[in-house]
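Here is the structure we will look at.
Please treat every number below as a calculation from the coordinates, not as lab data. This structure is a prediction, so every number in the text was calculated from the model and none was measured. FYI the Cβ positions are ideal-geometry reconstructions off the backbone, even for glycines, and counts take in every protein chain you see.
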Amino acid sequence: MMMLTKKMIEIRNILSQVGQSGTLTLPSIVVIGSQSSGKSSVLEAIVGHEFLPKGSNMVTRRPIELTLINTPGINTEYGEFAQLGLGKITDFSQIQKTLTDLNLAVPASECVSDDPIRLSIYSPNVPDLSLIDLPGYIQVVGSDQPLELKQKISDLCDKYIQPPNVILAISAADVDLANSTALRASRRVDPRGERTIGVITKMDLVEADRGASILNDKKYPLRLGYVGVVSKVPQQTGLFTRNTGNITSIVTKNENAYFTAHSEFSPDSGLAVGTTTLRKKLMHVLENTMAASLQTTIDAIRLELEEASYEFKVQYNDRPLSADSYLAEALDAFKHSFKAFAETFGRPQVRELLKAELDQRVLDLLAQRYWNKPITELAASRPDLNPLSTLTQSGEESTYWTRQLDASSSALTKLGIGRLATTVTANALQSHIEDLIAKSTFATHPFARDAIANAASGILNERFYSTSDQVENCIKPFKYEIDIDDNEWVKSRQMAAKSLRRELQECEMAEKSITDAIGGKRKVKDVVSFIDRIRNGEVVLEGDGSGGAGGFSALLLQKGREAVFLRDRAEIIRMRLLALKSKTCSSYASGKYKCPEVFLDVVADKLTATAVLFLNVELLSEFYYHFPRELDARLGKGLSEKEVDKFAREDGRVASHLDVIRKKELLELVLEKCNSLKGLEDRVNRDDRAR
Ligand code: GDP
């Protein structure tokens, strides 16, 4: 015995990982028979367990690809459904239930499905066999069954009984062989009866001489012969409980009792009877069929391998790739780009970011505290073009503006700079990392993208509170006192002008887009002058104007109000720009209260400089140190082989590349195995001949 079947089953398992490819099928024994012919009983007697679906309602609707694997030395027999991932099932009634569920899941309207259920059974008591159980042929379609059912079952069986498969045609002894659907089907595809084994069940139901004559049948001669069996499980004896113990011995004992009681079946008769004989025959026939198809299998594998090699060459230039190397390269490249980024994002860049943020806050404060006067009021001070100059002349007003400045400055210093600065910096880092991801190999890998983004946010979050506390602490002195020297003033005067010009530009742009939205300058002018008239009290609106007024729609009025706001804002800024140029604003001494833009810019600048010092130490340096290490932990050694594979396969191109390589490797492996089996077989044959 070469154990060829076992090895071929192993090979088939490897091939199944390559993917379904029609050309690579290894021979199996296909079991066909009419309903109630005793098909399940025969299979169960071979397996030693009751595990097939039972019931009157057409319980086998899908092919069951049953692989029996002789496994010496295991204590508990078990089954496994390869496709379901349920693990080892040692309770055969559970297997039976699962099979029933899988079968009944095929909708009644479809009647049968050709999608096979794969079940492997491991036991020291089973032979190595590959069997396919098919739905039983039906004679008459039941009233609740679709008319085409009969044909569908027959078509499904025809699909499986093709060469090189061996056909196990089950017929019951109490039915005339001429009426056996199984034998008729087998004759259609195997007219010379070369690959069909006839099984006659229920031998106990006919007279012994009649049974013997069936087995001797000359009308339907089969090269592999007929085997008679009595595979019914006898009624329970006290010691035996169904579904828990192995039924082989009890079936064979019962069967032997029958056959030995009838001399027609004596060893001299030359008739093949009994489940044990059948098992041996099946093993023998399958082994021979496997051997005979070995060369064809080798040729098919070789062809498949050539195709895979060709694809590998043409599509992938013979470039080796593994999920590991793919990840390692991607990670390296990413770390590299991160390093390059870190070199360009340091103190000056953070400083600029933070300053821009504070500039905006300063503008908001100015708008809130200084630009809120109607323009006419501010414009009353035209002579020196500084709208604040007259307001600061009298003592009382001067106190007002002193307080205004103190309040503004204090609003700025108490803004929560620590939190703001940390947030701005952390957000900038996070979004830069996202940019780097988008430009990297990881862009197409959701898993890695998340891992990287989480690595970044993890570090940033961890440092967030301590950094913002540190920054807040170190800017504390500015909350009480701000020293300004002339140089700082001069520099901030320029900065403030720049900031105002930018704001002016934005106002003008917004005005333009409103003009475009309203539809032309003329229309804008009309609605704006209408709104001015409302403001001056020349027109009184009835209600709140939500239904429109003065011939303008509510939407137009709304846009008009925005235009008026922007016009006023622009006008104030233009005036403030002139004010900044005035002599008053040229020095700290004369401009402190009259030029709040400059004063607040100095404050913002001081806050920025101090905050950046700490941000650099507490956040940037820490981030630059920990981030690459965190990447390694999350995407490097930290990942299991399965995770790395899953990662690589997220990219369709990589997945196909890996698939081709894997297919090639697996085919090379099975080819080698098949070749060595063939070598072995040839040697055995030579030795046999020599003997
Ligand atoms: P299937 O529909 O072809 O799978 O047939 P089953 O294996 O379910 O058997 C149909 C019926 O025949 C059941 O009641 C079995 O108990 C009975 N049966 C099967 N084999 C034998 C046998 O060898 N002798 C007797 N007397 N009954 C059998």
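In table form, for the structure just shown:
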| item | result |
| --- | --- |
| Mean-position separation - Cα centroids, the stretch 135-170 and the stretch 532-599, in angstrom | 89 |
| Charge dipole (debye, nearest 20) of the stretch 40-166; +1 at Cβ of Lys and Arg, -1 at Cβ of Asp and Glu | 60 |
| Amide H contacts under 5 Å for residue 117, placed H, 5+ residues apart | 64, 65 |
| Check: the chain dipole with +1 on Lys, Arg Cβ and -1 on Asp, Glu Cβ, in debye | 720 |
| Candidate lysines - alpha carbon under 23 Å from residue 339, same-chain residues fewer than 8 apart omitted | 439, 637 |
| Separation between Cα centres of the stretch 628-669 and the stretch 84-98, rounded to whole Å | 32 |
| Sequence-distant residues sharing a close amide H with residue 168 (under 5 Å, placed H) | 30, 31, 32, 197 |
| Likely footprinting exposure, 535, 691, fewest C-beta neighbours within 10 Å first | 691, 535 |
| Cut-off under 5 Å, modelled amide H: who pairs with residue 227 long-range | 198, 199, 200 |
| Counted charge near residue 497, where neighbours are those whose Cβ lies closer than 13 Å (Asp, Glu -1; Lys, Arg +1) | +4 |
| Sequence of 437, 32, 74 once ranked by neighbouring C-beta atoms within 10 Å, starting from the fewest | 74, 437, 32 |
| Value of relative contact order over the chain, rounded to a whole percent, pairs C-alpha under 8 Å and six or more apart | 15 |
| For the chain, share of DSSP beta bridges that run antiparallel, in % to the nearest 5 | 30 |
| In Hz, Karplus ³J(HN,Hα) per residue of the stretch 41-48 (6.51, -1.76, 1.60; θ = phi - 60°; x = Gly, Pro) | 4, 5, 4, 5, 5, 5, 6, x |
| Note, ³J(HN,Hα) from phi for the stretch 274-289, Karplus 6.51, -1.76, 1.60, rounded to Hz, x at Gly and Pro | x, 4, 4, 4, 4, 4, 4, 4, 4, 4, 5, 4, 5, 4, 5, 5 |
| Net charge contributed by nearby residues that have their C-beta within less than 14 Å of residue 461 (K/R +1, D/E -1) | -2 |
| Total lysine pairs under 24 Å (Cα atoms) in the stretch 453-553, excluding pairs fewer than 8 apart on one chain | 6 |
| Cβ-based exposure ranking for 632, 526, 601, 485, in which fewest neighbours within 10 Å come first | 485, 632, 526, 601 |
| Above-threshold pairs, the threshold being 26 Å between Cα atoms, out of 355/581; 54/219; 232/281; 39/97; 202/281 | 54/219 |
| Summed residue charge, Cβ within 11 Å of residue 230's Cβ, Lys/Arg positive, Asp/Glu negative | +1 |
| Cysteines (scope the chain) whose Cβ has no counterpart Cys Cβ under 4.7 Å | 111, 157, 474, 507, 674 |
| Under the Karplus curve 6.51 cos²θ - 1.76 cosθ + 1.60, θ = phi - 60°, whole-Hz ³J(HN,Hα) for the stretch 577-591, x wherever Gly or Pro sits | 5, 5, 4, 4, 6, 5, 4, 3, 7, 6, 9, 4, 4, 8, x |
| Student exercise, the stretch 280-367 dipole from Lys, Arg, Asp, Glu Cβ charges, in Debye to nearest 20 | 300 |
